[in-house]
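Written below as structure tokens is the structure these notes are about.
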Protein chains: 2
Amino acid sequence: MSATSPIEGERRLRRDAARNRRLILDAAREAFAARGLHVTLDEIARWAGVGVGTVYRRFADKESLIDALFEDGIGEVVALAEDALDYEDSWAGFVHWFEGFVAMQAQDRGLKEVLLSSRGSQQRIAAASERLLPLISRLVKRAQDAGELRADVRPTDIPLMGRMLAGIADITADVSPELFRRYVAIALDGLRVSRDAPSRLPARALKLEQLEAIRRAQ
Amino acid sequence: MSATSPIEGERRLRRDAARNRRLILDAAREAFAARGLHVTLDEIARWAGVGVGTVYRRFADKESLIDALFEDGIGEVVALAEDALDYEDSWAGFVHWFEGFVAMQAQDRGLKEVLLSSRGSQQRIAAASERLLPLISRLVKRAQDAGELRADVRPTDIPLMGRMLAGIADITADVSPELFRRYVAIALDGLRVSRDAPSRLPARALKLEQLEAIRRAQ
DNA sequence: ACTAAGCGGAGATCATACCTCCGCTTATAC
DNA sequence: GTATAAGCGGAGGTATGATCTCCGCTTAGT
């Protein structure tokens with residue numbers, strides 16, 4: 001991982017410093033994934049068991065830390081799409097990617113926020129985005145040509161539907177972390193050209209009290 | 001409307017004060033609808049053309065103002081559900097309500113935030129919510145008994161799907177205010193038991209630059 | 001023309017981030 | 001063993017942004 005190895009040309013860190021850098025990155029990954037990019041560096045420092053000063057000595061500012069972390073994450077989304085294009089069955093490939101795309105974001109609030117906001121080093125994210133969109137277009141086209149994916153969706157609809165589903169995953173995560181898969185399944189059923197019966201819904205629907213709990217938690 | 005008429009038992013306002021109260025409520029409605037509950041009372045005051053002091057003389061705090069405004073809005077959602085239960089065709093009734101439910105939130109950020117957050121006078125919203133859920137259950141049951149709505153969705157899924165769609169409406173509103181209807185249509189197609197062909201998608205998909213614009217705007 | 005009611009908006013107050021600074025500690029090289 | 005550069009913690013400086021108060025002036029209504 002690029003975030004973990006020392007960059008060539010930089011003077012080597014003292015052993016304690018290197019250890020702390022790792023602690024900070026690990027704490028940041030966990031904290032951003034669990035709670036989003038809004039967590040403060042003060043909190044990350046406390047979580048990592050170091051002082052804030054130590055964080056700022058290693059990373060010029062919050063932006064740099066976010067960069068160091070999410071370069072990899074975005075690469076994974078792209079890799080998943082490349083993977084999906086190798087599927088024989090084009091619909092299965094599309095479903096594989098789409099479910100993975102949403103699930104990755106559902107499990108990592110930070111990634112979700114990096115993916116569709118303009119945080120972080122604009123550059124890299126924009127670049128990854130430019131690599132991703134053509135792949136999505138090909139996944140869409142293949143599945144449409146096979147007569148599986150409805151013909152009236154356009155490639156730009158897909159990341160938006162992904163974001164929509166990641167959004168509900170965010171809201172329901174605390175109460176039922178797998179609930180979002182129901183809505184992914186319903187959305188995929190809606191994206192098929194035709195079908196005789198609905199696919200089976202994963203996870204359990206919420207109980208009334210759980211729905212109420214979400215409203216209170218907001 | 002309860003928000004506009006003077007409450008009985010309260011001393012009558014001087015004419016200029018009454019006029020200002022109206023101006024404030026109108027400005028607040030517009031501002032909350034367009035930009036969400038986070039707009040400051042300072043901004044609402046400027047928009048209304050009065051001083052902040054005037055706002056705070058009429059409404060104890062921001063909460064009270066939100067209350068005064070959204071009592072009505074929540075009632076409308078309930079009324080729409082009651083209306084939908086009168087439809088002969090149970091699926092059409094369900095669709096009528098669901099589309100309206102999402103559209104109302106899409107057109108009013110404030111309403112959306114009031115509906116599923118714990119802002120405002122908890123009490124009234126919780127009460128409305130308790131009136132609404134049984135209505136949703138009946139709409140769902142009717143459409144399922146008729147064999148139109150898939151049997152494996154539960155009533156609690158519906159407000160969550162509504163929120164999910166309202167969420168994407170929020171994000172895309174500036175670029176294409178009707179885009180969310182595409183995703184409502186896809187979701188409804190996914191909610192049917194079976195169908196031969198997809199329904200026709202409303203609105204136009206985004207162009208690549210528009211998708212990019214949304215990312216930048218976040 | 002008198003006065004209670006209302007007005008504007010500067011600024012007090014509070015909250016919350018990001019980031020810096022500096023006196024002290026420690027790893028490492030010799 | 002010791003010198004020293006590197007690193008450390010965390011209190012607090014700074015900036016921002018929101019809510020709400022206060023008070024000298026204005027105006028509607030009798």
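Couple of notes before you dig in:
- Candidate cross-link partners of B:Lys62 among the lysines, defined by an alpha-carbon separation under 27 Å and a same-chain spacing of 8 or more, comprise B:Lys112.
- When a 1.4 Å probe is rolled over the protein heavy atoms, the share of accessible surface on chain A that falls to carbon and sulfur comes to 49 percent.
- Net charge contributed by nearby residues that have their C-beta within less than 11 Å of B:Arg154 (K/R +1, D/E -1): +3
- Chain A Cβ-axis minimum, rotational copy B, residue and distance in Å: A:Gly190, 2
- Pseudo-label separations to other copies for B:Arg46 - Cα-to-Cβ vector, 7 Å, nm: 3.5
- Springs join every pair of Cα atoms under 10 Å in this Gaussian network model of chain A, and among A:Ala169, A:Ala28, A:Ala126 the largest mean-square fluctuation is at A:Ala126.
- Nm distances between copies for A:Arg200, ranked from closest, using label points 7 Å along Cα→Cβ: 3.8
- Simple Cβ-charge dipole of the range B:15-59, Lys/Arg +1 and Asp/Glu -1, about Cα centre, in debye nearest 20: 220
- Within the listed set B:Ser129, B:Ser199, B:Ser176, the Gaussian network model of chain B (springs between alpha-carbon atoms below 10 Å) gives the highest mean-square fluctuation for B:Ser199.
- Range in chain A, longest, excluding exposed GluC sites (Glu not before Pro) [loop by DSSP; at most 13 other beta-carbon atoms within 10 Å]: A:89-218
- Dipole magnitude of the range A:71-217 about its Cα centre (Cβ charges: Lys, Arg +1; Asp, Glu -1), debye to nearest 20: 500
- Computed from protein heavy atoms with a 1.4 Å probe, the total accessible area buried between B and A is close to 4100 Å².
- Distant-in-sequence amide contacts of B:Arg195, defined by a placed amide H-H separation under 5 Å and a gap of 5 or more residues or a different chain, comprise A:Arg195.
- Counting from the shortest, the label point at A:Ala17, 7 Å from Cα toward Cβ, is 6.7 nm from the same position in each remaining copy.
- Computed over chain A, the per-residue total of -39500 (n - 2.57) for DSSP H runs of n ≥ 4 gives a 222 nm mean residue ellipticity of -22000 deg cm²/dmol, rounded to 500.
- Residues considered: B:Val153, B:Val78, B:Val114. Largest GNM mean-square fluctuation over chain B, using C-alpha springs under 10 Å, is found at B:Val153.
The values are calculated or read from the model by the stated rules, or taken from the named source; none is laboratory data. Given the structure is predicted, the values throughout are model-derived calculations rather than measurements. Neighbour counts are summed over all protein chains in view; Cβ atoms, including those assigned to glycine, are modelled from backbone coordinates with ideal geometry. For the accessible areas, the whole protein counts, side chains as well, though only heavy atoms, and no ligand, DNA or RNA atoms are used. Shrake-Rupley method; radii C 1.70, N 1.55, O 1.52, S 1.80 Å.
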